[in-house]
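Participant: I am attaching a structure below and will ask some questions about it afterwards.
Quick note: the coordinates plus some simple rules give every number you see, no bench work behind them. Just so it is clear, the model here is predicted, and its values are computed rather than measured. Note that we place each Cβ from the backbone using ideal geometry, even for glycine, and neighbour counts take in every protein chain shown.
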Amino acid sequence: MCNLYSITKGQQAIREFTKATRDRAGNLPPLPGVFPDYEAPIVRTADDGERELTMMRWGMPSPQFALKGKKTDSGVTNIRNTKSPHWRRWLSPEHRCVVPFTSFSEYETVDGKKVPIWFALSDDRPLAVFAGIWTNWTSVRKVKEGEINADLFGFLTSEPNKEVGAIHPKAMPVILTETHEIDTWMRADWNEVKALQRPLPDGALTIVAKGERRDPPSD
């Protein structure tokens, strides 16, 4: 599961890559370490049809069975089973989004400790996006916050490619690297777009850092 990623490209680069025409993200600093329940930038289609850059909290509402006996719901960051009724309700275009990133981490166990291994498309850490979904939800995410209403997001996963599978053999994020893939994800019927829930080809990712819980901007 990808529970840590980095987005260090600026807002203009994100808007250009995702064709977002509206920016509601405020003053967005580099985010070298995005953890679950952090607020992070996503791009969605607004009610008026405009594509907008905005901020949401990472972690979609958990299925009811996962909340049994719990007082809080910190959310689900990664979604694999798109046949589940819990997730199907958010697979239509109005609930899809893309999540900009420059690198993401999977943990490798070394001498009993979890060590972050950072992957990117190249050492330059070019911009790409995860294929995500979002919703507005009312819940208790943290006891000290109490009940809140918030926009939440998560992103899809698939079986891993060779590079990620060597570290984390169960899954990798669904990554879109081309603008036409983003357009398809944001607009197309699920029967067409479900083919995008696949790993990147072997050789498409490289390890760019190890050991740190943040991946700083590349020079």
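Participant: With +1 on each Lys and Arg Cβ and -1 on each Asp and Glu Cβ, and nothing else charged, work out how big the dipole of the chain is about its Cα centre, in Debye to the nearest 20. Each step should come with its number before you reach the end.
Facilitator: Details: 30 positive and 29 negative charges, 175 e Å.
Charge dipole, the chain, about its Cα centre: 840 debye, nearest 20.
Participant: Further question on the same structure: Positive end of the charge dipole of the chain (Lys, Arg +1 and Asp, Glu -1 on Cβ, about the Cα centre): tell me which of LEU152, PRO201, PHE65 has its Cα farthest that way.
Facilitator: Positive-end residue among those listed: PHE65.
Participant: Separate question: Evaluate 2.2 N^0.38 Å with N set to the residue count of the range 107-219, then give the Cα radius of gyration divided by it. Walk me through the intermediate numbers first.
Facilitator: Details: Rg = 16.8 Å, N = 113, 2.2 N^0.38 = 13.3 Å.
In units of the 2.2 N^0.38 Å rule of thumb, it is 1.27.
Participant: Okay, moving on. For the range 123-167, compute Rg over Rh where Rg is the Cα radius of gyration and Rh is the Kirkwood radius from the inverse mean 1/r over Cα pairs.
Facilitator: Details: Rg = 16.3 Å, Rh = 13.9 Å.
Value, to two decimals: 1.17.
Participant: Hey, in the GNM for the chain with a 10 angstrom Cα cutoff, which one of LEU28, LEU156, LEU127 fluctuates hardest?
Facilitator: For the chain, modelled as a Gaussian network with Cα springs under 10 Å, the answer is LEU28.
Participant: Something else: Stokes-Einstein diffusion coefficient for the range 13-84 at 25 °C in a medium of 0.890 mPa s, Rh from the Kirkwood formula over Cα pairs: what value in µm²/s? Show your work: numbers first, answer last.
Facilitator: On the way: Rh = 14.3 Å.
Estimated via Stokes-Einstein, D reaches 171 µm²/s.
Participant: Starting with the fewest neighbours, write out VAL143, VAL76 ranked by other beta-carbon atoms found within 10 Å of each beta-carbon. Mind dumping the intermediate values first?
Facilitator: On the way: VAL143 8, VAL76 20.
Exposure proxy ranking, most exposed first: VAL143, VAL76.
Participant: Just PRO100, PRO173, PRO116 to compare: in a GNM of the chain, with alpha carbon springs under 10 Å, which one fluctuates most?
Facilitator: Evaluated over the chain, the most mobile residue of the options is PRO116.
Participant: Now for a separate question. Could you work out the relative contact order of the chain, using alpha carbon pairs under 8 angstrom and six or more residues apart, expressed as a whole percent? Intermediate values should be presented prior to the final figure.
Facilitator: Numbers: 498 pairs, mean separation 51.9, N = 219.
About 24 percent, as a whole number.
Participant: Ranking ILE182, ILE7, ILE148 by Cβ neighbours within 10 Å, fewest first, what do you get? Please list the in-between numbers first.
Facilitator: Working: ILE182 21, ILE7 25, ILE148 12.
Taking fewest neighbouring Cβ atoms as first place, the list is ILE148, ILE182, ILE7.
Participant: Against the globular-protein guess of 2.2 N^0.38 Å, express the Cα radius of gyration of the chain as a ratio, rounded to two decimals. Don't skip to the end; give the middle numbers.
Facilitator: Details: Rg = 16.6 Å, N = 219, 2.2 N^0.38 = 17.1 Å.
Relative to the 2.2 N^0.38 Å estimate, the chain comes out at 0.97.
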